[in-house]
Amino acid sequence: MRTQYYTASSVDGFIADPDNSLDWLLTRDIDEKGPMSYPSFIADVGAVAMGATTYEWLLEHELSKEGATWPYTMPSWVFTHRDLPGGPGADITFTSDDVRDVHRRMSEAAAGKNLWVVGGGDLAGQFADLGLLDELFVQYAPVTLGGGAPLLPRRIELRLEEVARNRDFTCARYTVVR
Ligand SMILES: NC(=O)c1ccc[n+]([C@@H]2O[C@H](COP(=O)([O-])OP(=O)(O)OC[C@H]3O[C@@H](n4cnc5c(N)ncnc54)[C@H](OP(=O)(O)O)[C@@H]3O)[C@@H](O)[C@H]2O)c1
């Protein structure tokens with residue numbers, strides 16, 4: 001079981017632009033059967049965690065569509081200090097509990113599968129601060145944004161394990177060096 005931060009990023013290290021938009025990302029070409037693609041990644045994930053801004057983005061852009069359901073079949077934790085609305089058909093726990101406690105509950109729920117920290121970058125950093133982050137997968141889109149939500153606003157030593165091109169994207173997998 002590994003705790004993984006899997007995300008797309010601009011080349012200059014932002015996962016959303018200053019308007020919290022992903023338009024710069026969602027227009028790009030990727031082969032869903034290609035290297036480090038989402039289907040092969042998610043197949044081994046047993047629990048997910050995300051921050052409130054990422055959750056609100058999903059609510060606004062994905063779950064507002066006619067007939068849309070929560071995209072994750074595995075238990076999900078959303079970190080927030082607020083009382084946010086639930087998603088349709090979703091197994092979501094809203095929490096402001098200690099990250100270590102949530103990680104333990106996620107591990108139990110995942111039953112040996114991996115844990116995915118969806119984002120944002122600071123939440124991934126909070127897991128890393130506690131020595132709980134094992135891997136970082138980044139798909140770099142061919143664009144710089146000049147600002148926005150940072151990829152991972154910490155200093156963390158990484159080892160490059162794998163690199164591949166998937167159409168528009170440079171895909172890299174790193175392990176966290178402890
Ligand atoms: N490029 C990609 O593939 C990708 C992937 C993921 C996300 N994104 C985008 O990137 C942006 C990320 O936004 P963001 O940097 O603001 O990060 P975020 O982690 O999505 O949200 C941050 C918020 O989460 C809550 N939070 C974080 N840690 C917490 C803790 N320990 N306890 C309780 N609440 C906690 C706080 O919300 P409150 O206190 O306000 O409740 C905080 O303001 C979003 O626009 C998202 O859509 C892009």
Give me a count of the residues in segment 125-157 that are over 14 Å from the mean Cα position of the chain (by Cα), part of a loop (DSSP other than H, G, I, E, B) and not polar (S, T, N, Q).
14
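Pull up segment 2-18, narrow it to residues that are over 15 Å from the mean Cα position of the chain (by Cα) and more than 9 Å from the ligand (Cβ to nearest atom), then point me to the one that is nearest to V45 (Cα to Cα). Step through it out loud before you land on a result.
Taking segment 2-18 as the starting set, the residues that turn out to be over 15 Å from the mean Cα position of the chain (by Cα) are 11-12, 17-18.
The next check asks that each one be more than 9 Å from the ligand (Cβ to nearest atom); those that pass are 11-12, 18.
Details: V11: 26, D12: 28, P18: 30 Å.
Within segment 2-18, the match that is nearest to V45 (Cα to Cα) is V11.
Which of the residues belonging to segment 9-21 are of a type in the set (G, A, S) and surrounded by fewer than 22 Cβ atoms within 10 Å (Cβ to Cβ)? Write out each step before concluding.
Filtering segment 9-21 for residues of a type in the set (G, A, S) gives 9-10, 13, 16, 21.
Residues satisfying the conditions are S10, G13, S21.
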From the set of residues in segment 82-124 that are over 18 Å from V176 (Cα atoms) and assigned to a strand (DSSP E or B), which is farthest from the ligand (Cβ to nearest atom)?
I92
Just to be sure I understand, how many residues within segment 141-166 are among the hydroxyl-bearing types (S, T, Y) and out of contact with any strand residue (DSSP E or B) (no Cβ under 7 Å at 6 or more places or on another chain)?
0
When residues of segment 158-171 are filtered for being of a type outside the set (D, E, K, R) and either over 18 Å from the mean Cα position of the chain (by Cα) or more than 18 Å from D29 (Cβ to Cβ) (or both), how many remain?
5
Over segment 1-21, the set of residues under 24 Å from S76 (Cα atoms), at pLDDT 95 or above and not small (G, A, S) is M1, R2, T3, Q4, Y5, Y6, T7, F14, I15
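The values are calculated or read from the model by the stated rules, or taken from the named source; none is laboratory data. Model, not experiment: these values are computed from the prediction. Note that we place each Cβ from the backbone using ideal geometry, even for glycine, and neighbour counts take in every protein chain shown.
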